[in-house]
Amino acid sequence: MTTLKAKLQEDLTTAIRARNELHSSTLRLTLSAITNQEVAGKEARVLSDEEVLKVIAKEAKKRREAADAFAQGGRPEQAARETAEGEFLDTYLPKQLGDDELGAIVAQAVEEAKAAGAEGPRAMGAVMKIVNPKVAGLADGGRVAAAVKKHLS
């Protein structure tokens with residue numbers, strides 16, 4: 001078992017003992033998603049910490065999207081709960097890059113792509129290939145794509 005998954009299970013035990021329903025239900029769902037990912041495919045395997053982080057990020061993103069949907073649907077209580085769950089899951093993720101840091105990485109990648117001969121909006125794919133490995137897990141793909149488009153236009 002990975003250290004991150006063990007930490008999640010320890011935190012689940014602590015949340016249950018403290019009768020913290022929000023944290024315990026969120027951790028249960030997250031651990032369930034991790035287990036589902038482990039048994040997906042032809043044979044079961046143990047996820048690395050990096051893969052567990054991806055699952056947690058995916059779950060946090062689901063919570064943010066659900067909160068937006070509930071807010072638009074006129075259900076503020078459910079939206080607040082989903083937002084709280086997403087913020088709780090964010091505590092397990094590495095700190096996200098700020099707009100300035102992301103902009104600097106994208107600007108450097110745009111220069112590298114131009115040096116390789118790619119220019120204008122068509123260079124989007126080349127720039128994304130350079131940027132994605134550098135910001136993996138540190139920035140949402142949508143934010144990265146928006147920053148690249150901004151720098152290319």
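Candidates are the residues of the range 31-53 that are surrounded by 12 or more Cβ atoms within 10 Å (Cβ to Cβ) and among the small types (Gly, Ala, Ser); the one that is nearest to the chain's Cα centre (by Cα) is ALA33. Here is a check on your reading of the model: is LEU152 farther than 28 Å from LYS7 by Cα, crowded, with 17+ Cβ neighbours inside 10 Å and not hydroxyl-bearing (Ser, Thr, Tyr)? Criteria met by LEU152.
Residues of the range 90-124 that are more than 30 Å from VAL52 (Cβ to Cβ) and part of a loop (DSSP other than H, G, I, E, B): ALA116, GLY117, ALA118, GLU119.
Of the residues ARG63, ARG28, which single one is out of contact with any Cys (no Cβ under 6 Å at 6 or more places or on another chain), surrounded by 13 or more Cβ atoms within 10 Å (Cβ to Cβ) and closer than 24 Å to GLY142 by Cβ? Going through ARG63, ARG28 in turn, just one is out of contact with any Cys (no Cβ under 6 Å at 6 or more places or on another chain), surrounded by 13 or more Cβ atoms within 10 Å (Cβ to Cβ) and closer than 24 Å to GLY142 by Cβ: ARG63. There is at least one residue in the range 80-100 that is surrounded by fewer than 15 Cβ atoms within 10 Å (Cβ to Cβ), closer than 30 Å to LYS7 by Cα and more than 17 Å from the chain's Cα centre (by Cα). With respect to the conditions (1) assigned by TED's automatic domain parsing to the domain that holds SER25; (2) part of a loop (DSSP other than H, G, I, E, B); (3) surrounded by 15 or more Cβ atoms within 10 Å (Cβ to Cβ), GLY74 falls short on a single one, namely (3).
Using the structure shown, decide if ALA84 is farther than 18 Å from GLY137 by Cβ and either without any contact (Cβ under 8 Å) to a residue 60 or more places away in the chain or in contact with a Pro (Cβ under 9 Å, 6 or more places away or on another chain) (or both). So ALA84 fails the test.
The values are calculated or read from the model by the stated rules, or taken from the named source; none is laboratory data. Quantities reported herein were computed from a predicted structural model and do not represent experimental measurements. Glycine gets a Cβ as well: all are built from the backbone with ideal geometry, and neighbour counts include every protein chain shown.
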